[in-house]
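We did not get these values from a lab; they are worked out from the coordinates using the rules stated. Keep in mind the model is a prediction, meaning the values are calculated, not measured. Neighbour counts run over all protein chains shown; Cβ positions are idealised from the backbone, glycine included.
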Amino acid sequence: MTYDLILRGGRVIDPSQRLDAVSDVAFAGGKVAKVAPKLQGSAGTDVRDVSGSIVTPGLIDLHTHVYWGGTSLGIDAEEFCRTSGVTTSVDTGSAGPGNFAGFRKHVIEPSQVRILAYLHVSHAGIFGFSNRVMVGESADLRLMNPIDAVEVANANRDVIVGIKVRVGLHASGTSGAVPLRIALEVADAVGMPLMAHIDHPPPSYEEVIEMLRPGDILTHAFRPFPNSPATHQGTVKKEVLDARKRGVRFDIGHGKGSFAFKTARAMLANGFLPDTISSDVHQLCINGPAFDQVTTMSKFLCMGMELPDVIAASTVNSARALKRPELGSLKPGSVGDATVLSVKEGRFDYVDVVGEHLEGDRKIASEGVVVGGRWWHPKQG
């Protein structure tokens, strides 16, 4: 077989295959072709020496906001992915049924990196989110648009992977869990999973997760008090354990206000690892405290999660949540995306959303990405 690209001599960590070994990874025709030592290329093969680096399936950031120019919180997906090792950016509710067509035409379709989306049940998605204007789109029930949401989701199944709703004091005000009930009806109607945001009560963390179905995702799952999943005694709330047993997925969604070291330490100490690690990167947190996907992953590495588990939570676990088995893997025939990482040692300062600092001894950094079987290095334009 003729290969388009070979990544040579890296430590390949692919949790989907329980693989952790020094090997080569070859790509052909936009897909992964083979993983094996000492693969031989032809005259036209792009061979990249990545010895000393880590090669993983293309990172999936399950919670981003990349409707750049269409919403005030949107960032540029290509710029973000190029520097943070992400090859699939999942936008979580930036657009609703009233403006999804623009998001698809002007952002998703022209993008060199893959953008998938959770469609917001609110008509215009998250429209009032900035430093000066902060309007919870779920607070006004007149904005809930379940009928059009069903139509738009059904018409865009190639890129829409689920339904999004935001509930909590900041997002839904006095509407409480009513928007969640509406969103669940939409998710049921289209046969898709739901991703629920939660902030301050009402509703409570317990009330929200008790409504979620197997395969649904609670994002901001390790948020600080109030609405923390941990008790004041440092144990995991019973309702959280029960939800995991029935198949609810717990996603980090770091963002501006939704991840605390105190909560994470308690959850990890009880053996409760996140199902998926995501940055919730947007305009108000890209310069801190979230920064990007690899920084969010680094925080978990420094808190004691094993590197393969951190990588799994950013690759195969996210692919399973998306029901996209062709992603998050380096199995032959999978989508030809890969991320080249390094783990630097030293003293690194990390900060959470409540201002607590953690001095870590390691930092995960992106050294390059492969998109569609081609090298797509951060430093290239």
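Sorting LEU307, LEU194, LEU119 from the fewest to the most surrounding beta carbons within 10 angstrom yields LEU307, LEU194, LEU119. Applying the Karplus relation 6.51 cos²θ - 1.76 cosθ + 1.60 with θ = phi - 60° to segment 336-347 yields 3J(HN,Hα) values of x, 10, 8, 10, 9, 10, 10, 10, 8, 10, x, 10 Hz, where x marks Gly and Pro.
Qualifying trypsin sites (Lys or Arg not before Pro) in segment 144-189, where qualification requires a DSSP coil assignment and no more than 13 other C-beta atoms within 10 Å, comprise ARG157.
A simple spin-label model places the labels of ASP20 and LYS34 2.7 nm from each other, with each point 7 Å out along Cα-to-Cβ. Each Lys and Arg adds +1 at its Cβ and each Asp and Glu adds -1 at its Cβ; summed about the Cα centre, the chain shows a dipole of about 500 debye.
Comparing Cα centroids, segment 33-65 and segment 329-355 end up 14 angstrom apart. Toward the positive end of the charge dipole of the chain, with +1 on the Cβ of Lys and Arg and -1 on the Cβ of Asp and Glu, the farthest Cα among ILE13, ALA319, PHE222 is that of ILE13. Taking every alpha-carbon pair under 8 Å whose residues sit at least 6 apart, the chain reaches a relative contact order of 20 percent. About its Cα centre, the dipole of segment 12-98 is roughly 340 debye, where the only charges are +1 on Lys and Arg Cβ and -1 on Asp and Glu Cβ. A straight Cα-to-Cα reach below 16 Å connects LYS105 with the aspartates and glutamates ASP76, GLU78, ASP91, ASP158, residues fewer than 8 places away in its own chain not being considered. Charge tally for HIS65 (other residues, Cβ to Cβ under 9 Å; Lys, Arg +1; Asp, Glu -1): -2.
Loop-located GluC sites (Glu not before Pro) across segment 304-381 with a Cβ neighbour count of 10 or fewer within 10 Å are lacking, with loop assigned by DSSP. Computed from Cα positions, the angle between helix 178-190 and the longest principal axis of the chain comes to roughly 50 degrees. DSSP beta bridges fully contained in the chain are about 55 percent antiparallel.
Return the loop-located trypsin sites (Lys or Arg not before Pro) in segment 1-71 (DSSP other than H, G, I, E, B) with at most 15 other Cβ atoms within 10 Å of their own Cβ; answer none if there are none.
Counting only loop positions with at most 15 other Cβ atoms within 10 Å, the trypsin sites (Lys or Arg not before Pro) in segment 1-71 are ARG18, LYS38.
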